[in-house]
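Okay, structure first, notes after.
The values are calculated or read from the model by the stated rules, or taken from the named source; none is laboratory data. Keep in mind that this is a model prediction, so the values were computed, not measured. Cβ placement follows ideal geometry from the backbone for every residue including glycine, while neighbour counts extend to all protein chains displayed. Calculation scope for accessible area: heavy atoms of the full protein, side chains included, ligands and nucleic acids excluded. Shrake-Rupley method; radii C 1.70, N 1.55, O 1.52, S 1.80 Å.
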Amino acid sequence: MADDAREKMVTGAVRLLATSGLEGVSFSTVLELTGAPRGSIYHHFPEGKSQLIELALERAGQYLLAAMETPPRIGAVQVAEHFFEIWRKVLLGSNFQAGCAVLAVTVATREPALLKAARKVFLSWQDRLAQQLTRGSLRPDRAKMMAITMITSVEGAVVLSRATRNSEPFETTVAALLDQIKGFVR
């Protein structure tokens, strides 16, 4: 039961980061969203809000890594399409209200521990995507380059689409990246 409250709070913090940014996450907003008991805050997070945010970053990273799983024998274009579809669902499924929880923390904090946690997550995504693209027939150097480009481009495309409440920036970015990958696998 106690672990359930902690889990709810971490999951709630991920949701709030994705929709409201770092400033939108407080123990009060997390408790309101999750219904977790107030007494559980310092029991589960004795180091305070930073501890909750660090765990939320780790969880957000795990969510995307799990979502990125693909069959072992698919091509680089299909790997990319799968990655883009994850972000399309986040964007459209939230009616342009949600973005990347990790990005939200990265742009809003100066805390070294939180920046280190965000860096760890971004690098794990980059490594996984590069591995998948390599298995999908890209040379390792191109796979690494495309993994970095895909992540940075999608992050920006999601931000622009949220700001305009329009999927055009996202879809334009996706089309350009897919064209580039298709050129590499010929």
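General observations
- Considering only TRP87, ALA5, ALA60, the residue lying farthest towards the positive end of the dipole of segment 1-137 is TRP87, judged by Cα position with unit charges set on Cβ.
- MET146 accessible area, assembled protein chains, probe 1.4 Å, Å²: 0
- When both segment 65-136 and segment 1-30 are represented by their alpha-carbon centers, they are found 20 Å apart.
- Mean accessible surface per residue for segment 60-129, computed with a 1.4 Å probe while every protein chain stays in place, in Å²: 52
- Segment 101-156, accessible surface, carbon-and-sulfur percent (1.4 angstrom probe): 59
- Over the Cα atoms of segment 23-180, the radius of gyration divided by the Kirkwood radius equals 1.01; this is the Rg/Rh ratio.
- Using only side-chain charges placed at the Cβ, +1 for Lys and Arg and -1 for Asp and Glu, the dipole size of segment 38-95 relative to its Cα centre rounds to 160 debye.
- Extreme residue, positive dipole direction of the chain, given options ILE74, GLY48, LEU160 (C-beta unit charges): ILE74
- Where LYS144, LYS120, LYS49 fall by accessible area, highest first, once all protein chains stay in place (1.4 Å): LYS120, LYS144, LYS49
- Separation of the alpha carbons by more than 25 angstrom is noted, of LYS49/LYS144; LYS89/LYS116; LYS144/LYS182, for LYS49/LYS144; LYS89/LYS116.
- Here the dipole of segment 94-145 is about 180 debye; that uses its Cα centre as origin and unit charges on the Cβ of Lys and Arg (positive) and Asp and Glu (negative).
- Nearest-0.05 FRET efficiency for LYS120 and LEU178, computed from C-beta distance (R0 25 Å): 0.35
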